[in-house]
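Take a look at the structure below.
The values are calculated or read from the model by the stated rules, or taken from the named source; none is laboratory data. Everything numeric in this text was worked out from a predicted model, so none of it was measured. Positions of Cβ are backbone-derived with ideal geometry, glycine not excepted, and every protein chain shown enters the neighbour counts. Only protein heavy atoms, including side chains, enter the accessible area calculation; ligands, DNA and RNA are left aside. Shrake-Rupley method; radii C 1.70, N 1.55, O 1.52, S 1.80 Å.
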Amino acid sequence: MRGIKNIATEINASNWNNAVELFNGAILEGLITDRFRYDITAYAYVSSLNARCYIPSINQSQIPKIYPEDSYYQRWEKKQDVLQGSIDLQIFYWNLATENGLNLGIVKLPYYGGIHTENLLIELITNQTEGLAIDSHSVLKARCLNQLHNNDSINIFGMAEYQLDTLPKTPSLTQPENFGISVGNTPTLIRAANTYRYRLHLQNTGSVGVWFSHGHISNCIPGQCLWLPPNTAWDDELKSTASIYGITEDSVSQIVGLEQTITY
């Protein structure tokens, strides 16, 4: 499965000293429904990352004379001559598993007298055709190393292309679990909810009938839910995963059964 996620965030006077999240790789596996059924390989590729800047609180810089044919190092050298006093924007990875960061670089953001846009990828890597790869355990973040003031704003925007590869797991069944529950004239939990329930069998071995319901306990009302007479059985052909409650109209009855679960 392939797709695109937009990157859009703002850094200003209220959050300049925070590590602002640009793209969180942890969301990728969440795009797969019932992901417990699969072995998943997920990654994203940030192919566009820009900062639209308006920073009137710092001194105005001269515009460096940069040409399309300039190399990464030529651009860097020309900017160093004119960008003194600019805002330093740090871009870094944060690993969710190890709680460690990896600095990708610091981009200098000047004030040219108005709003301008910086291509952050060009400043971080030597080739415009390259991008930043992110796996499902990493977060791409940014933070200012200098204080921003009122009216300052850095709007970061871009695009991440993602790829999700899934390999279905082979399921197996647990051994059947036998149970027995006494049910009286108040709602009684027969079986708790089970997301992976494969089979459920109920049998009324008592002398009075039992009303039983799926879902919330408030649904278990005599005459308004399913009826299991004495000495009869019921198999859940619908494969319901909800809780099962039972109730009698007066005396106590006995519900026995078995439940089987799928594991991955």
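Checking the range 152-172 against the condition returns no match, with no residue being without any contact (Cβ under 8 Å) to a residue 24 or more places away in the chain, more than 27 Å from the chain's Cα centre (by Cα), over 19 Å from residue 90 (Cα atoms) and open to solvent by 40 Å² or more (accessible area, probe 1.4 Å). The set of residues in the range 96-105 being touching a Leu at 6+ places or on another chain (Cβ under 7 Å) and open to solvent by 30 Å² or more (accessible area, probe 1.4 Å) consists of 104 alone.
What about residue 206, is it open to solvent by less than 50 Å² (accessible area, probe 1.4 Å) and either of a type outside the set (A, V, I, L, M, F, W, C) or outside any strand (DSSP E or B) (or both)?
Details: open to solvent by less than 50 Å² (accessible area, probe 1.4 Å): yes; either of a type outside the set (A, V, I, L, M, F, W, C) or outside any strand (DSSP E or B) (or both): yes.
So residue 206 fits the description; yes.
Looking across the range 219-264 at every residue that is assigned to a strand (DSSP E or B) and acidic (Asp, Glu), the one that is least open to solvent (accessible area, probe 1.4 Å) is identified as 259.
Only residues that are touching a Leu at 6+ places or on another chain (Cβ under 9 Å), outside any helix (DSSP H, G or I) and over 19 Å from residue 121 (Cβ atoms): list them for the range 18-30, please. Spell out how you get there, then give the answer.
Start the filter on the range 18-30 by keeping residues that are touching a Leu at 6+ places or on another chain (Cβ under 9 Å), which leaves 21-26, 28-29.
Then keep just the ones that are outside any helix (DSSP H, G or I); that gives 21-24, 28.
Across the range 18-30, the qualifying residue is only 28.
Name the single residue, out of those in the range 182-203 being among the β-branched types (Val, Ile, Thr) and surrounded by fewer than 16 Cβ atoms within 10 Å (Cβ to Cβ), that is farthest from residue 5 (Cα to Cα).
Initially, the range 182-203 is screened for residues among the β-branched types (Val, Ile, Thr), giving 183, 186, 188, 190, 195.
Pick out the ones that are also surrounded by fewer than 16 Cβ atoms within 10 Å (Cβ to Cβ) and you get 186, 195.
Working: 186: 51, 195: 30 Å.
Looking at the filtered set, the residue picked out is 186.
Does residue 179 satisfy the criteria of being open to solvent by less than 30 Å² (accessible area, probe 1.4 Å), touching a strand residue (DSSP E or B) at 6+ places or on another chain (Cβ under 7 Å), outside any helix (DSSP H, G or I) and among the aromatic types (Phe, Trp, Tyr)? When the stated conditions are applied, residue 179 passes them.
Taking only the range 137-169 into account, find how many residues are in a loop (DSSP other than H, G, I, E, B) and modelled with pLDDT under 85.
First, the residues of the range 137-169 that are in a loop (DSSP other than H, G, I, E, B): 137, 145-152, 169.
Subset that is modelled with pLDDT under 85: 169.
Selection size over the range 137-169: 1.
Say whether the condition of being more than 20 Å from residue 119 (Cα to Cα), in contact (Cβ under 8 Å) with a residue 40 or more places away in the chain and either open to solvent by 40 Å² or more (accessible area, probe 1.4 Å) or not β-branched (Val, Ile, Thr) (or both) is met by at least one residue in the range 78-90.
no
Here are 68, 56, 64: which of them is farther than 30 Å from residue 196 by Cβ, surrounded by 12 or more Cβ atoms within 10 Å (Cβ to Cβ) and either β-branched (Val, Ile, Thr) or modelled with pLDDT under 85 (or both)? Before you say what the answer is, go through the steps one by one.
On the way: 68 fails: surrounded by 12 or more Cβ atoms within 10 Å (Cβ to Cβ); 56 fails: either β-branched (Val, Ile, Thr) or modelled with pLDDT under 85 (or both).
Exactly one residue qualifies, and that residue is 64.
Criterion applied to 24, 6 was being within 23 Å of residue 104 (Cα to Cα) and either open to solvent by less than 80 Å² (accessible area, probe 1.4 Å) or of a type in the set (Asp, Glu) (or both), and the one residue passing it is 24.
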